[in-house]
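A quick write-up on the structure given underneath.
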Amino acid sequence: MSGPVRRAPYVGLRSYQADDADLFFGRRDDSYRLAALWSSHRLVVLYGASGVGKTSLVAAGMRAQFPDEAAEMLPVGRAFQASQVPTAALPRHNPYTFALLSSWSPTDPPHHLSGLSIAEFFSQRSDRTDPYGDPLPILAVIDRFEELFRDFPHRQQYREQFIDDLAEAISAVPLLRLLISVREDSLASLLPYESRLSRDSRTRFELRPLQVPEAIEAATGPLRGTGRSFGAGVAERLVDDVRTTAFTDRTGETTVVRADRVEAVQLQVVCSALWDALPPDTMVITGEHLQSYGDLNRILAEFCGRAVAYVARDHGLPESALRDWLGRTFITELGTRNTVYEGASRTAGMPNAVAHAFVDRHILKAEWRSGSRWFELAHDRLIEPVRGGWRRSETELPDGRSVDYLRAAEAALADGELDLARKHALEAVRLAEGDLRAQAEGESFLGDLAFQTEKYEEAARRYRRGAELYELMQDSTAVGMLLAAVGQVLLREGRHDEAVVDLEGAVARLQGDRTLRTELADALWQAGQLRSAEGVYASVLSYAPDAVEALAGRGEVRVELGEFAAALEDLDILARLKPAAAGQPVLRAARARALAGLDRLADAQAEADAAFEAAPADPVVQWRAGIVAALTGDRTRAVALLTSALRGADPPLMPHRRTEARRLLEDLTSIDPDG
């Protein structure tokens with residue numbers, strides 16, 4: 001007679017989530033120790049090998065350690081993840097900061113988070129208090145921090161800004177306790193940033209594979225309440241099987257080795273397979289069941305075979321080539337594990353992205369040694385399956401879903417495999433026929449890919465198609481973000497008037513987004529509509545008087561409108577709010593122009609000289625310094641600066657600035673500046 005068998009108690013290859021806390025066993029001591037460190041340090045770095053259980057520990061294990069009345073625990077965050085917000089839509093944003101805030105506050109619409117620093121995000125939140133009225137500590141996690149170091153090299157500037165943003169938040173928010181989870185082979189990449197993040201109150205915690213008693217608890221604990229249980233000694237036997245490896249060298253000699261610890265991912269794979277294979281009426285799992293349904297060699301062979309099948313599909317490679325590469329590269333003639341270092345682009349003849357994919361699927365693990373990343377099989381127990389026991393699961397890989405291909409495209413993009421990312425994304429769009437949201441997400445991703453590779457015409461077309469699909473679903477937020485992306489692409493192409501139309505459409509759908517309004521004002525400015533730009537900047541400042549970008553923009557526009565006193569007022573406020581921003585050469589040159597317009601020529605010349613010294617090749621600085629030189633009577637210097645400004649291209653002068661520069665140069669030289 002069957003009992004109250006409930007949902008599958010083992011999570012298999014996926015990580016435990018917060019709602020799996022009742023199934024999470026085997027990490028009691030680690031949970032206590034990590035909780036103690038987290039509550040007493042501003043920064044904790046949790047590190048360990050891929051698949052050891054870091055994500056599960058912070059998502060499920062920590063939840064029981066901090067009840068709601070003891071701490072405010074944010075959802076597990078990531079700094080690199082898929083987002084509904086297209087890359088081009090928010091050029092002022094740091095993509096890592098935005099991704100992190102979106103994961104920490106998943107119910108907030110994107111425009112509520114856009115433009116916020118991490119410190120500003122926390123400053124806008126209301127402090128929660130305990131029953132005695134004392135504020136609760138804020139526990140925040142950034143999982144998979146290694147993703148920061150696998151991203152495109154050209155986004156390094158964002159990584160540096162993101163680290164500074166985190167450091168500012170740790171310093172500015174006394175209640176914040178930050179836990180960073182990172183894969184062991186990327187720990188060396190994180191170490192140089194630790195002191196920047198927190199100068200004193202910081203520590204590290206290494207998560208290792210399960211000890212034998214912990215592994216037994218991880219196998220038996222989830223069965224409570226299912227109506228099933230292990231018979232006497234059966235769980236112990238299962239754990240012993242997982243940690244026991246038989247090595248057979250080429251001479252036929254076999255050596256049996258029993259590890260001190262148990263790999264959590266392998267234990268989950270075996271337990272999940274056993275649970276799924278048991279007859280429905282099984283209440284007590286016996287040794288016979290273990291022998292019939294828990295054959296570890298068969299299960300691990302299927303596990304390896306399925307991993308190879310997925311990697312082959314995702315990377316467009318033959319399964320046979322991948323199997324041969326794994327066996328030939330990572331197993332020695334003595335039948336032991338071999339280590340191979342990662343080259344600049346390839347590992348033992350395979351693209352590095354393939355090696356990383358096998359790490360993600362827990363076939364390989366990576367370590368950082370002697371300044372290089374080295375790969376090896378994740379465990380000795382995988383030697384036999386990899387060497388000769390290949391087996392595909394009886395259930396073939398399911399037909400690819402659109403979401404699967406889109407996630408594969410995102411992973412390929414993170415590894416820098418642009419062609420592969422495009423291939424997967426196109427397949428995702430094809431498979432999504434009839435699913436408007438999946439189609440729209442695929443089109444947005446393809447737009448991002450085109451934008452990052454400077455294929456602006458395709459990017460605008462993809463973004464606009466995505467907006468049309470979201471419009472059919474009446475998702476105004478997504479439509480607004482995609483129209484903003486189209487507007488930014490058109491600005492890159494110099495199509496300012498068209499960009500204004502799309503940005504106005506975006507603002508109409510996202511009226512509370514001050515960053516988007518600021519970008520509309522920027523577009524109006526570039527289109528030569530200075531008075532309209534000033535009005536939009538003013539609308540932002542009416543409800544956000546400390547909006548730095550709007551203050552800077554309005555100050556510059558007012559200079560160009562000839563409203564010098566009002567411009568200086570904006571620039572002075574900016575200097576008080578954010579001195580570093582006001583000290584940018586372009587803004588110092590704007591101040592110089594305003595001072596010259598008020599006949600404060602000595603002050604103007606000093607500001608212009610300082611701006612030019614800091615950025616002598618900037619066309620905007622040259623243009624403004626040239627005007628100041630003309631007003632102070634230095635005709636020769638003025639001609640040289642204006643001529644250089646007209647020839648400059650980084651960035652080129654806006655059309656209305658070019659017109660003014662040409663007119664002044666003609667007045668100074670009485671000749672055609674292009675002659």
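FYI, it's all coordinate maths here, none of it is from the lab. Only a predicted model underlies this, so the values are computations on that prediction, with no experimental measurement involved. Backbone-built Cβ (ideal geometry, glycine too); neighbour counts: all protein chains shown.
So what's the gap between the Cα centers of segment 451-511 and segment 60-135, to the nearest angstrom?
Comparing the Cα centres of segment 451-511 and segment 60-135, I get a distance of 26 Å.
Placing +1 at every Lys and Arg Cβ and -1 at every Asp and Glu Cβ, with all other atoms neutral, what dipole size does the chain have around its Cα centre, in debye to the nearest 20? Write down the numbers at each step before the final one.
Details: 79 positive and 100 negative charges, 171 e Å.
Value, rounded to 20: 820 debye.
Taking only Cα atoms, what is the 0 to 90° angle, nearest 10, from helix 619-631's long axis to the longest principal axis of the chain?
Taking the Cα atoms of the chain, the angle to 619-631 is about 20 degrees.
For segment 25-133, with only Lys/Arg (+1) and Asp/Glu (-1) charged at the beta-carbon, what is the dipole magnitude about the Cα centre, in debye rounded to 20?
Values: 10 positive and 9 negative charges, 75 e Å.
Charge dipole, segment 25-133, about its Cα centre: 360 debye, nearest 20.
Hey, quick one: spin label on T244, modelled 7 Å out along Cα-Cβ, who in segment 358-390 has an amide N within reach, i.e. under 20 Å?
The answer is 379-386, 389.
Quick one: which residues, 5+ away or cross-chain, put their amide H under 5 Å from the amide H of V11? H built at 1.01 Å from N.
none
Kindly write out, for segment 440-449 in residue order, the coupling ³J(HN,Hα) from the Karplus curve 6.51 cos²θ - 1.76 cosθ + 1.60 (θ = phi - 60°), rounded to whole Hz, with x marking Gly and Pro.
5, 5, x, 5, 5, 4, 5, x, 4, 5
From the square roots a ≥ b ≥ c of the eigenvalues of the alpha-carbon gyration tensor of segment 126-188, which class results: rounded (a/c under 1.5), prolate (a/b over b/c), or oblate? Could you put the intermediate results ahead of the total?
Working: a/c = 3.81, a/b = 2.14, b/c = 1.78.
Note, shape of segment 126-188 comes out prolate.
Could you work out how far the C-alpha centroid of segment 596-675 sits from that of segment 528-560, in angstrom?
One Cα centre to the other: 23 Å.
Give the calculated FRET efficiency between E458 and Q291 to the nearest 0.05, with a Förster radius of 60 Å applied to their Cβ-Cβ distance. Spell out each step's value before the answer.
Values: r = 58 Å, r/R0 = 0.96.
It comes out at approximately 0.55.
Between R647 and A8, with labels modelled 7 Å along Cα→Cβ, what's the label distance in nm to one decimal, could you check?
About 6.8 nm, to one decimal.
Given an 8 Å cut-off on Cα distances and at least 6 residues of separation, report the relative contact order of segment 41-208 as a percent.
Values: 260 pairs, mean separation 68.0, N = 168.
Across segment 41-208, relative contact order equals 41 percent.
Between T282, M473, L179, whose Cα lies farthest towards the positive end of the dipole of the chain when Lys and Arg beta carbons carry +1 and Asp and Glu beta carbons carry -1, centred on the Cα centre?
It is T282, whose Cα lies furthest towards the positive end.
Can you give me the long-range amide H partners of R373? Hydrogens built in the peptide plane at 1.01 Å from N, cutoff under 5 Å, separation of 5 or more residues or another chain.
E342
If packing is taken as the average number of other Cβ atoms within 10 Å across a peptide's residues, how do 191-203, 15-27 rank, most packed first? Let's see the in-between values first.
On the way: 191-203: 14.3, 15-27: 18.5.
Ranked from most to least packed, the peptides come out as 15-27, 191-203.
Under a 5 Å amide H to amide H cut-off, with H placed in plane at 1.01 Å, what residues pair with I180 once short-range neighbours are removed?
The answer is V44, V45, L46, I142.
Which parts of segment 204-248 would a label at D260 reach, counting a residue when its backbone N lies under 16 Å from a point 7 Å out along Cα-to-Cβ?
Under 16 Å, as judged by backbone N against the label point of D260, lie 206-215, 243-244 of segment 204-248.
Subtracting the Cα-Cα distance from 0.36 nm times the residue separation, let me have the gained length for S372 to A565 in nm, one decimal.
Details: separation 193, 0.36 × 193 = 69.48 nm, distance 5.78 nm.
Stretched fully, the S372-A565 segment lengthens by 63.7 nm.
HN-Hα J couplings of segment 432-437 from phi, Karplus 6.51/-1.76/1.60, θ = phi - 60°, integer Hz, Gly and Pro as x?
For segment 432-437, the Karplus curve yields 8, 3, x, 10, 4, 5 Hz.
Calculate log10 I(q)/I(0) of segment 258-388 for q = 0.10, 0.16 Å⁻¹, where I(q) comes from the Debye formula with a single equal point scatterer on each Cα and nothing for solvent.
-0.37, -0.83
I need the peptides 104-110, 255-261, 375-381 ranked by packing, meaning the mean over residues of other C-beta atoms within 10 angstrom, with the highest value on top. Show your work: numbers first, answer last.
Values: 104-110: 15.6, 255-261: 11.4, 375-381: 22.1.
Result, highest mean Cβ count within 10 Å first: 375-381, 104-110, 255-261.
Which percent, to the nearest 5, of DSSP beta bridges fully inside the chain are antiparallel?
Values: 19 of 41 bridges.
Once the DSSP bridges in the chain are tallied, antiparallel ones form about 45 percent.
For segment 516-675, compute the orientation-averaged projected area of the C-alpha convex hull (one quarter of its surface), in nm². Don't skip to the end; give the middle numbers.
Numbers: hull surface 34.7 nm².
It is 8.7 nm².
If you average 1/r over all unlike Cα pairs in the chain and invert the result, what Kirkwood radius do you get in angstrom?
Result for the chain, one decimal place: 28.5 Å.
Normalise the Cα radius of gyration of segment 583-675 by 2.2 N^0.38 Å (N = residues in it) and let me know the number.
Working: Rg = 11.9 Å, N = 93, 2.2 N^0.38 = 12.3 Å.
Relative to the rule-of-thumb radius for its length, segment 583-675 sits at 0.97.
Could you sort the peptides 127-134, 328-335 by per-residue average Cβ neighbour count (10 Å cutoff), highest mean leading? Present the calculation step by step, with values, prior to reporting the outcome.
Values: 127-134: 9.5, 328-335: 16.8.
In descending order of packing, they fall as 328-335, 127-134.
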